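Heads up: the structure comes next, in structure tokens.
The values are calculated or read from the model by the stated rules, or taken from the named source; none is laboratory data. If you're wondering where the values come from, they're calculated on a predicted model, not measured in any experiment. Note: ideal-geometry Cβ built from the backbone for every residue, glycine included; neighbour counts use all protein chains shown. Just the protein is used for accessible areas: all its heavy atoms, side chains included, with ligands, DNA and RNA removed. Shrake-Rupley method; radii C 1.70, N 1.55, O 1.52, S 1.80 Å.
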Amino acid sequence: MLKGIDKTKAKPWLWYLLVLALLPLEGAGAAEDDAPVPSATTPTAMIVVPSQISLQSDGALLGDVRDAVVASARRVDSPRLSDAWLALESPDAVVAQRQWTWRAFALALAALVMAVLAIWLARWRERKRRLKRLALRNDRVTDLPGRVLLEQRMQRFMDDVYAVSLYYLAFDDLRHLRAQFGVECADLAAQAIAERLRDTCGGVCYPARLSDDVFVVMATGAPAPLAMAARYQELLYAPIEVHGVPHRLEPRIGIAVSPEHGKTPMALLQAAQDAADQVLASTGAEPQLFKLDLLKTAERRRFLAETLADAMEQETPFFELYLQPQYRLATRQLVGAEALIRWQHATFGTISPGEFIPVAEASHQIVPLDEKVFDTMLAWLARYELPQTQRLVWAINLSIRHFDDHRFTDWLLARCKHYGVPPQCIELEVTEHVATQDLSQVRQIMRTLRLHGFRLVLDDFGAGYTSLRFLKELPFTKVKLDKVYIDAIADDERSQLLVKGIIDLARGLGLTVVAEGIETQEQMDVLRGLGCPIGQGYLLGRPRPVESFLWRLSQHQETLPARTARAR
């Protein structure tokens, strides 16, 4: 065993060179005839070599290795071993060899990178040529012509001075279908849409697909374009079944006619797209003919729709949740609250629900928005875990589009179970637009909701499609009087008679009446005298942030303040 060397400080490459130097000496000694044969008691030199190799030099340590080798040679009486230290060469040659090795490796790596770049560039050029060829072919999913073929066909007709009417069909629901169920389901739905367009167009019109969510129909001439667009809307309103599940994909239809709205294919396409965006600014979903004076409003609505779509992809809610209290007028006792939302936009400032809710409806984003609001509300109720919340009722507004999906009830129950909130303390408010839906399907879904404990409220009663038939056939639990009846109730006897009749009718049907929009003490006194049980409005309490509202609730502030009994 070598002694005199601190193995913890020894450079590993010294041990490696020492072994290389000793191996040939030992081989040569064994070959000589006159070499003494070591006996069993002859001591031998044993060298421990570390496992790692390093090329760092250390002159002092080399001297230690030399002395150790000479001492070992003297102990074993080997003159050849005493000269072994001479075989330890300077590490400069080894370092130089390693440097050349790394240089060669670097050159090889650079050549490899250049080869990879050359291959990538060749493939990129080939892909560019392939995309150019594909642009002249039909869409691979629907087999409809694409943008290039459509513009070429439009250009030919415009050159021949034909009037061209263009119908721009934007399917916002296709984007949501793709995000929720995958690309395969969206492609199947797109194929069904293309098939319906082919059946309707025949050989007269020219359908095309511009993108995943946009279809276009070109027709020569402009005979009653709004009537033709209504025909397309009626055709596409019927649900499309994908894997046995029906989906209603209603398009936004914009119409543009040449040469009034554009003299080139690109200009006419842009005008038709702007007309489709004008649907967002309208009260309904009717097809829109391009109008220059509405373009600014349409651009704002389109920007809001795009911003809303981006905000919906965020995990955290982009809106602020508020609660407006509801009180029992006779006892001034808090009975519940309605959930409201506010959108604080970085560009537009505070956006009221009256502006972005219609945009969400028209762009078919209202369903995921309602679900996010519902989820946020349940999360707040679960966070506070107040015993009072189990005795109060929390009203959440829902769009009528939820009643197109039978799975909506299962989703509601799953969310309530997840947060531990009983369905009995949740009220679902729907507007009178429910009259435009399939009444039998709406009735079935509502009855299922009632069986599980949810309460149903008919909002804005008397403002639009109201029919007493709905109160008889649909299982509502409450009716909210529209604000139009409350505004003039203090001075108008006819309004008082109407409200009194609605209260008596609701009481006979087992329904509770809620008067919303109470802003003066006179209105509240008249409603209390007419027997209205529940009220809501700025006089009783303005909407407050949900955290502030629930904190006050935790302080047991459940009664209407006495100052509301006096005129403000």
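Here are some notes:
- Carbon-plus-sulfur accessible fraction, the stretch 441-560 (probe radius 1.4 Å, protein heavy atoms only): 49%.
- Between the amide H of Ala163 and those of Gly221, distances stay under 5 Å, these residues lying 5 or more places away or on another chain, with hydrogens modeled in the peptide plane.
- In order along the stretch 154-160, the phi-based Karplus estimate (6.51 cos²θ - 1.76 cosθ + 1.60, θ = phi - 60°) of 3J(HN,Hα) comes to 4, 4, 4, 5, 5, 5, 8 Hz; Gly and Pro are listed as x.
- Volume per residue that the Cα convex hull of the stretch 298-353 spans, once the total is divided by residue count, Å³: 98 Å³
- Net charge, Gln155 excluded, C-beta distance under 14 Å - Lys, Arg +1, Asp, Glu -1: +1
- Net charge of neighbours whose Cβ lies under 9 Å from the Cβ of Ala309, counting Lys and Arg as +1 and Asp and Glu as -1: -3
- Highest mean first, the peptides 285-291, 545-551, 326-332, 96-102 sorted by other C-beta atoms within 10 Å per residue fall in the order 285-291, 326-332, 545-551, 96-102.
- 3J(HN,Hα) from dihedral phi, the stretch 244-258, Karplus parametrisation 6.51/-1.76/1.60, rounded to Hz, x for glycine, proline: x, 10, x, 10, 9, 10, 8, x, 8, 10, x, 10, 9, 10, 8
- When only alpha carbons of the stretch 202-279 are considered, Rg and Dmax amount to 13.7, 44 Å.
- Overall size of the stretch 99-208 from C-alpha positions, given as principal axis extents largest first: 76, 42, 18 Å.
- On the principal axes of its alpha carbon atoms, the stretch 372-431 extends 35, 23, 18 Å, with the longest extent given first.
- Local electrostatic count at Pro223 - Lys and Arg +1, Asp and Glu -1, tallied over other residues with Cβ under 15 Å: 0
- Highest average packing first - 104-117, 442-455, Cβ atoms within 10 Å: 442-455, 104-117
- Listed values for the stretch 392-397 are Karplus-derived 3J(HN,Hα) couplings in whole Hz (6.51 cos²θ - 1.76 cosθ + 1.60, θ = phi - 60°), namely 9, 10, 10, 8, 10, 6, and x replaces Gly and Pro.
- Remark: for residue pairs Lys372/Lys417; Lys372/Lys483; Lys478/Lys500; Lys472/Lys500, the C-alpha separation exceeds 23 Å in Lys372/Lys483.
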